Structures are given as C-alpha cells and as structure tokens.
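For reference, the structure is listed below as structure tokens.
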Amino acid sequence: MTKDIEAPPGAAGWPGVPPQRGGGTGSGGGPSLRRRPPRQPASRRRRIARTVTLLLRLPLLAAAGTYVWADSALDRRVDLDKAAADRPPHGKGTNYLIVGSDSRNGLSGATKKQLHTGSADGGRTDSVMVLHTGAHGSTLMSLPRDSWVTIPSFIRPETGKHYRAARNKLNAAYSLGGPDLLIRTIERNTGLRINHYAEIGFAGFVGLVNAVGGVDMCVKKNVKDEKSGLNLKKGCHNLDGAQALAFVRQRHQEAQGDLGRSKNQQKFLAALAHKAATPGVALDPFTLYPTIRAGLDTLIVDKGMSMPDLLSLFEAMKGVTAGHGQRINVPVSSLGFRTSKGSAVRWNTARANKLFGELRHDRPLSRDLR
C-alpha cells in the first residue's frame with residue numbers, strides 16, 4: 001500500500017497555486033525552475049587593466065611605507081630649546097644647520113684605513129653650513145670650521161665643569177659641548193636663530209652616496225691628496241662613497257685652503273641632494289629604501305624635525321643646484337690669522353654682519369655679498 005506524498009506548500013500545479021509562467025515539464029513530469037545564467041568571467045582586457053593599476057600602485061604604497069618608517073626612525077636627540085634664554089629672536093624664513101661630523105661610528109678598522117679617516121676619538125665637525133630658505137629662494141652659507149669666534153659659557157657634559165665665554169675656533173665648540181654648544185656658538189656669532197639641525201657622520205655619508213649610485217662631479221685639474229686619499233684626473237667623474245668623502249675632506253690641493261674645501265662641500269652636497277631627488281631614486285622603492293636607510297645610519301636631527309622638514313631641506317638643496325639659490329662663504333679678512341689656538345680664519349666683521357642681517361630679515365643678498 002503506497003502512502004500519499006504531500007507536496008510542499010506553494011508548489012505549482014496544486015490547488016490554489018497558479019502555474020509558473022515559462023515553466024515546463026521535465027522528464028519526471030515535475031515543474032522546472034528558471035535559473036540565472038552563470039556570471040561571465042572578467043574579460044582579458046579588464047584583467048590586464050586591473051593588474052597594471054595594481055603594479056602602478058605598489059611603488060607608491062611601498063614609498064609611503066618607507067616614508068612612515070623613516071619618520072619613526074629619525075634620531076631626534078638635539079634639543080634646540082635647551083638654552084632658550086639666550087637665543088636670538090625668530091627671524092624670517094627658515095635656517096637649517098647642516099653639519100658633517102668626523103664620527104667614525106659604523107666604520108671597521110679596515111674601512112677607516114681604506115677611507116683615510118684615521119682613528120681619532122671624540123667628535124669634531126668636518127663641515128658646517130647654514131641653509132637659509134625664504135621668499136627669495138635658498139642661500140647655502142659655509143662657516144669655515146677654523147673660524148675665530150666667541151664660544152659662549154658652558155658646562156662640560158662629562159665633567160660638569162663650568163667654562164666662561166672665550167675666543168676659540170668654531171670646531172672647538174662641537175668638540176667641547178657637542179651639537180648644543182655648536183648651535184649656541186653659531187647663534188651668538190651670527191644672530192641667526194637655527195630652526196633645524198641635521199648632522200651626518202662618515203659612514204652615513206659614504207653609504208648615502210653609494211645608495212644613489214654615485215654622484216657626478218667635475219674637477220678642473222688633476223687632484224692627488226695623500227691625506228684624504230683622493231686621486232682624480234682632470235675632467236668629470238662619477239664619485240662613489242669613498243671618493244666622495246675624500247673629495248669633500250681634501251683641502252691641501254685648494255688654493256684657498258679651508259675656504260676652497262667649503263666650496264667643494266657646497267657643490268657636492270647640492271649635487272647629492274639633486275641626485276637623491278630624481279625620479280629614479282625618489283620613486284623607486286628598491287632604491288629609495290636603501291638610500292634612506294644609508295642616510296639614517298648616522299643621521300642626527302633636532303627634536304622638532306619631521307620628514308616634511310627633512311624633505312624641504314633636500315628640496316632647497318636641489319633648488320640651489322638648479323640655480324634657484326646661491327652658494328656663498330661667510331666673508332673673511334684673513335685665512336691665516338694667528339691666535340693662541342693656532343692659525344684661524346678671521347671674518348670680515350662689517351661684511352659678515354651685513355650678510356647675517358640680510359639673512360635674518362630674509363632680504364635679497366646684496367651684490368657685493370654673492
């Protein structure tokens with residue numbers, strides 16, 4: 001005896017339920033249901049477009065990630081407000097103090113020998129520059145490290161001993177009190193308020209130059225300097241990190257000694273900033289990351305320095321290279337001024353003060369100062 005099979009409620013063909021329009025009877029005699037056609041796969045052209053879009057975005061995403069990482073990795077150890085009481089008032093524009101130190105941190109014994117850096121202990125400056133940016137472009141001013149200046153009173157960090165203000169070479173300020181005393185010394189002798197500080201050591205400099213693939217530089221004569229290790233023929237060269245360090249350090253082949261070296265340092269630093277800002281470096285994550293990593297190895301900045309500030313510094317340096325700024329030395333009256341601390345560089349007081357005043361008020365430089 002068969003049992004009646006109940007149909008599910010609402011089934012077509014049963015009392016009270018109208019037949020489904022468009023329905024048919026299959027082989028089993030039951031109703032057939034309309035099915036949606038299967039989704040067509042994305043066209044080949046659309047898939048290619050999506051792939052290209054993704055590939056274009058990847059470098060930007062990688063660059064953005066590197067940017068965020070770099071900002072968090074900055075060594076912000078210099079406190080510009082530490083001695084706010086005796087600092088000059090704020091002027092117009094922005095002043096960056098750029099220091100190349102002779103720190104050997106990160107260099108092995110073999111590398112020191114290869115780079116001709118020696119093994120001196122303690123910290124000293126190898127180059128000191130003030131980059132002023134404002135309404136009239138950028139001005140990169142070198143301060144010779146042997147400049148005869150007044151070092152303000154200070155307390156020696158490692159001994160706690162107090163020293164009164166005294167005349168000495170600019171380089172001594174860094175040796176005696178590090179970046180803090182160097183900043184105070186420059187502010188006291190120029191009247192310029194330093195807004196940001198950036199310092200890089202030997203290892204970071206060499207690594208940075210190598211990371212960008214070297215920097216093109218031309219020399220007007222053969223240069224061979226045993227102390228720095230520089231050996232270049234007259235003409236243009238792509239300098240690697242070791243050659244670049246020797247180039248910015250050598251001064252014995254320069255007719256103007258320390259001033260000649262300052263000009264070489266300005267020229268090279270501007271060219272390095274220009275190279276680092278080219279699309280092949282700045283937009284290529286495989287080059288950008290090693291470049292930033294190399295620079296950060298020995299880079300020291302102030303507590304208020306952000307990545308936008310650092311990028312503004314590089315943009316200003318690039319502008320100097322492109323002709324949108326000027327490279328100058330502080331006016332001097334004597335290169336071999338005799339002092340109790342040895343031979344020093346004496347500034348031309350009247351012309352130097354005129355220069356500092358124009359920078360402080362962000363005015364166009366007078367022709368006699370360019």
Worksheet entry | All positions within region 192-217 that are closer than 29 Å to Pro290 by Cα, open to solvent by 10 Å² or more (accessible area, probe 1.4 Å) and modelled with pLDDT of 95 or more | Asn195, His196
Fill in: Counted residues, region 228-248 - those being closer than 14 Å to Arg261 by Cα and either part of a helix (DSSP H, G or I) or open to solvent by 50 Å² or more (accessible area, probe 1.4 Å) (or both)
5
Worksheet entry | Single residue of region 123-152 satisfying the filter (open to solvent by 10 Å² or more (accessible area, probe 1.4 Å) and part of a loop (DSSP other than H, G, I, E, B)) that is nearest to Asn264 (Cα to Cα) | Arg145
Discussion item. If the requirement is being among the charged types (D, E, K, R) and outside any helix (DSSP H, G or I), which of these qualifies: Lys275, Lys221?
Written reply: Lys221
Worksheet item: Is region 263-281 home to any residue that is at pLDDT 70 or above, in contact with a strand residue (DSSP E or B) (Cβ under 8 Å, 6 or more places away or on another chain) and surrounded by fewer than 18 Cβ atoms within 10 Å (Cβ to Cβ)?
Response: yes
Item to complete: Would you tally the residues in region 134-158 being touching a residue at least 12 places away in the same chain (Cβ under 8 Å) and out of contact with any His (no Cβ under 9 Å at 6 or more places or on another chain)?
Response: 15
Worksheet item: If Pro88 satisfies every condition in (1) at pLDDT 90 or above; (2) farther than 12 Å from Ile183 by Cβ; (3) assigned to a loop (DSSP other than H, G, I, E, B) but one, which is the exception?
Response: (2)
Discussion item. Condition first: touching a residue at least 60 places away in the same chain (Cβ under 8 Å) and surrounded by fewer than 21 Cβ atoms within 10 Å (Cβ to Cβ). Now tell me which residues in region 173-191 satisfy that.
Written reply: Asp180, Glu187, Arg188, Gly191
Practice prompt. Test Lys233 against the criterion of being more than 27 Å from Thr139 (Cα to Cα), without any contact (Cβ under 8 Å) to a residue 40 or more places away in the chain and charged (D, E, K, R), and give yes or no.
Written response: yes
Discussion item. With the requirement that a residue be farther than 20 Å from Thr94 by Cα and either small (Gly, Ala, Ser) or open to solvent by 80 Å² or more (accessible area, probe 1.4 Å) (or both), what does region 341-367 give you?
Written reply: Lys341, Gly342, Ser343, Ala344, Arg346, Thr349, Ala350, Arg351, Arg367
Fill in: Subset tally (residues that are part of a loop (DSSP other than H, G, I, E, B), in contact (Cβ under 8 Å) with a residue 40 or more places away in the chain and either of a type in the set (Phe, Trp, Tyr) or touching a Lys or Arg at 6+ places or on another chain (Cβ under 9 Å) (or both)) for region 341-370
4
Worksheet item: Within region 332-340, is even one residue open to solvent by less than 60 Å² (accessible area, probe 1.4 Å), free of Cβ contacts under 8 Å to residues at least 12 places away in the same chain and either closer than 15 Å to Asp258 by Cβ or among the polar types (S, T, N, Q) (or both)?
Response: yes
Discussion item. Among the residues that make up region 161-184, is at least one of them under 24 Å from the mean Cα position of the chain (by Cα) and either part of a strand (DSSP E or B) or on the phi > 0 side of the Ramachandran plot (or both)?
Written reply: yes
Worksheet item: Looking at (1) open to solvent by less than 30 Å² (accessible area, probe 1.4 Å); (2) free of Cβ contacts under 8 Å to residues at least 24 places away in the same chain; (3) among the aliphatic types (A, V, I, L, M), which is the only condition Leu310 fails?
Response: (2)
Discussion item. One residue is enough: does region 318-329 have a residue meeting the conditions modelled with pLDDT of 90 or more and on the phi > 0 side of the Ramachandran plot?
Written reply: no
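The values are calculated or read from the model by the stated rules, or taken from the named source; none is laboratory data. In this text the structure is predicted, and so the values were computed from the model without any measurement. Methodologically, a virtual Cβ is constructed for each residue, glycine included, from the backbone with ideal geometry; neighbour enumeration extends over all protein chains shown. With ligands, DNA and RNA removed, areas are computed over all heavy atoms of the protein, side chains included. Shrake-Rupley method; radii C 1.70, N 1.55, O 1.52, S 1.80 Å.
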